[in-house]
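Report on one structure; see the data block that follows.
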Amino acid sequence: MSKTYLAFDYGTRNIGLASGQSVTRTAVERPALKAKDGVPNWQEVEALLKEWKPDLVIVGLPLNMDDSESELAARARKFGQRLHGRFGVAVEMVDERLSSYEAKGEVMAKGGSRDYGKNPVDSIAARLILESWFNEQS
């Protein structure tokens, strides 16, 4: 039975998005959501959840290198709690250390500019978070 997943890379201006499914264990980048001080358009989030009907939502948890939680980690955790509370979806927080760094490296390796405004890395990071989660499941 195939399962569907959505992954979010939480940020204060953009929230990266990726989708994936269990049969091929692959993830695909989707257009990032705009956010105002970390708050997305909840109607847009609701539409995505209705469209994809995910079995599980993965939210990246940006821990510090010493395993402590930063302010952004606390906000990402709150975002995950709001997804669960508002929409009743199952949410799992996943350590996402270095995913944005790796995403920027991927953009550069493909010949992209260092102007990440023109080459947004948020959804690349969400894809990497979901791929990492898939790898941990085996």
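Some points to look at:
- Selection count where residues are under 16 Å from the mean Cα position of the chain (by Cα) and at pLDDT 95 or above, scope segment 36-46: 7
- 2 or more residues touching a residue at least 12 places away in the same chain (Cβ under 8 Å), in contact with a helix residue (DSSP H, G or I) (Cβ under 9 Å, 6 or more places away or on another chain) and surrounded by fewer than 17 Cβ atoms within 10 Å (Cβ to Cβ): qualifying strands (runs of 3 or more DSSP E) within segment 1-77: 26-36
- Neighbours by Cβ (under 8 Å, 6+ apart or cross-chain): first from segment 116-131, within 12 Å of Gly11 (Cβ to Cβ) and part of a helix (DSSP H, G or I); second modelled with pLDDT of 65 or more and among the basic types (Lys, Arg): Ser123/Arg30; Ala126/Arg30
- Selection within segment 106-136 - of a type in the set (Phe, Trp, Tyr) and either over 18 Å from the mean Cα position of the chain (by Cα) or modelled with pLDDT of 85 or more (or both): Trp133, Phe134
The values are calculated or read from the model by the stated rules, or taken from the named source; none is laboratory data. These numbers come from a predicted model, not from an experiment. Because the Cβ atoms are built from the backbone with ideal geometry, glycine has one as well, and the counts that use them run over all protein chains shown.
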